[in-house]
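Right, one structure below, let's go through it.
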Amino acid sequence: MIEAMARLTLVLGLLWLAACPRTQSSGVVPPSTSSERKTLGPGDVLEIRVADQEALTGPYEVSDAGTIRFPWIGDVEVTKKTQGEIAAEIEGKLMDGWLKQPQVSVRVTERKNREVSVLGQVKEAGSYPFKPGLTVMQAISLAGGMNPLAMPRRVKLIRETDKGRQTFEIDTTAIIESRAQDLALEPGDIVFVPESPV
């Protein structure tokens, strides 16, 4: 059953690659246009810090309604807002009778239902949960690493961008040898490790 699923994942990856004829160097990889990347959703976790207010600082999980419940001010809508907009809204509500000059910072620490796929010549091809900061090499490691048939110098990163679906070629050997930087992944990215022709 597991082998059949791995084969199906590989076939789907190959079909996806076939639809992406243009391959570019990994020098500059544009950001994803995925709405999932930009929009917070249920289950996502925000770390909210309020300067000098330890009781208010901590993790807040987005509810099914797209809100977080913040002490003193109640529900705060967070979907379709940037982290800066959320911080500004909380600051504004805290200034309304609670704190004189609140300083609020917001960052996403966990995203639910966001995945990256690792396909091709890896030990455990499949989809893996996305976490901010996840890189190409870390994703390959999650998939058990490359198998002996892999071609590490021609790894493909497939991403939806403003110009449509694009494929970027990555020399993972250069990353391992510290000649190139590891690339950060985004939700929806596909990492494809091709088979060596030899």
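Computed from the coordinates by the stated procedures, all read-outs in this text should not be read as laboratory data. Just so we're clear, the structure is a prediction, and the values are computed from it rather than from any experiment. Ideal geometry is used to build each Cβ from the backbone, glycine not excepted, and the neighbour counts take in all protein chains shown.
Just a few scattered comments:
- The alpha-carbon of residue 100 sits under 18 angstrom from the alpha-carbons of these aspartates and glutamates, leaving out residues fewer than 8 places away in its chain: 52, 54, 89, 91.
- Reachable aspartates and glutamates from residue 123, criterion Cα separation under 17 angstrom, eight or more residues apart if same chain: 3, 195
- When the listed pairs 131/156; 80/163; 81/112; 93/131; 81/156; 131/163 are checked against a 27 Å cut-off, the alpha-carbon distance exceeds it for 93/131; 81/156.
- Largest first and in whole Å, the equivalent-ellipsoid semi-axes of segment 42-110 read 19, 12, 11, each the square root of five times a Cα gyration tensor eigenvalue.
- Between the beta carbons of residue 176 and residue 55, assuming R0 = 45 Å, the FRET efficiency works out to 0.50 to the nearest 0.05.
- Spin-label pair residue 141-residue 124: with each label point 7 Å from Cα along the Cα-Cβ axis, the two points sit 1.4 nm from one another.
- Rg(Cα) / (2.2 N^0.38 Å) computed for segment 50-198, rounded to two decimals: 1.40
- Projecting the Cα atoms of 98, 79, 109 onto the charge dipole of segment 42-110 (Cβ charges, centred on the Cα centre) puts 98 farthest toward the positive pole.
- Within the shell of other residues whose beta carbon sits under 14 angstrom from the beta carbon of residue 92, the net charge comes to -2, with Lys and Arg scored +1 and Asp and Glu -1.
- Exposure proxy ranking, count of Cβ atoms within 10 Å, fewest first, for 190, 175: 175, 190
- Charges were assigned to the Cβ only: +1 to each Lys and Arg, -1 to each Asp and Glu. The resulting dipole of segment 42-110 about its Cα centre is roughly 160 debye.
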